[in-house]
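Engineer: Shown below is the structure under consideration.
The values are calculated or read from the model by the stated rules, or taken from the named source; none is laboratory data. Here the structure is a predicted model, which is why all the values come from computation and not from measurement. Cβ atoms come from the backbone with ideal geometry, glycine included; neighbour counts cover every protein chain shown. All accessible areas refer to the heavy atoms of the entire protein, side chains included, with ligands and DNA or RNA removed. Shrake-Rupley method; radii C 1.70, N 1.55, O 1.52, S 1.80 Å.
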Amino acid sequence: QVQLVESGGGLVQAGGSLRLSCAASGYTFSRYAFGWFRQAPGKEREFVAAIRWSGGRTAYRDSVKGRFTMSRDNAKNTVYLQMNSLNAEDTAVYYCAAGYVGSVGWPSEYGYWGQGTQVTVSS
C-alpha cells in the first residue's frame, strides 16, 4: 500500500518562501508520476506541478511557473515543492498525489493521495 505524507506547510508573508515535502513509501516508484495539487475554500482542486519519477520531467500550471520548483530525491523516496514569491492566491491546502499517470494535470489519474498540508499566505 502506497503511503504519502506531506509536510512543510505553514503561514508565510507575501513574497516569502516555503518548501513542501512528500515522503512516499510502500512501493517502487520508478514508473510513477507524482503531483502537487491544491484546493482553496470553495474552489475545485487544481493542478500545481508534477514530476515523472523516471527521468525527472516536470510540468507546472502557468501561474506558478518561474516561482515553484518540483524535485525528487530518489534515495529518500521524497518529492519536494519549493515555492518562492508566494502571494495570497497561493493560499490553499496542498496535496501530494502519486500513481501510474498518463495526463499529469488530472486528479483522477492519481491513485494515491496524502492528507494535505495547509499553506497560508498573508498579504
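Engineer: Sort out which residues of the stretch 65-123 are within 13 Å of residue 11 (Cα to Cα), of a type outside the set (Gly, Ala, Ser) and open to solvent by 30 Å² or more (accessible area, probe 1.4 Å), and write them in order of number.
Structural biologist: Within the stretch 65-123, 87, 91, 93, 118, 120 qualify.
Engineer: Now for a separate question. For the stretch 1-76, list the strands (runs of 3 or more DSSP E) that sit wholly inside it and hold at least 2 residues that are within 12 Å of the chain's Cα centre (by Cα); which are they?
Structural biologist: 3-7, 18-25, 33-39, 46-52, 58-60, 68-73
Engineer: Do we find that residue 31 is of a type outside the set (A, V, I, L, M, F, W, C), modelled with pLDDT of 95 or more and surrounded by fewer than 19 Cβ atoms within 10 Å (Cβ to Cβ) in this structure?
Structural biologist: Answer is no for this residue.
Engineer: Of everything in the stretch 59-84, what is at pLDDT below 95 and over 20 Å from residue 113 (Cα atoms)? Give them in sequence order.
Structural biologist: Result: 75, single match.
Engineer: Look at the stretch 41-58 and say how many of its residues are more than 11 Å from residue 104 (Cα to Cα), modelled with pLDDT of 95 or more and surrounded by 14 or more Cβ atoms within 10 Å (Cβ to Cβ).
Structural biologist: 2
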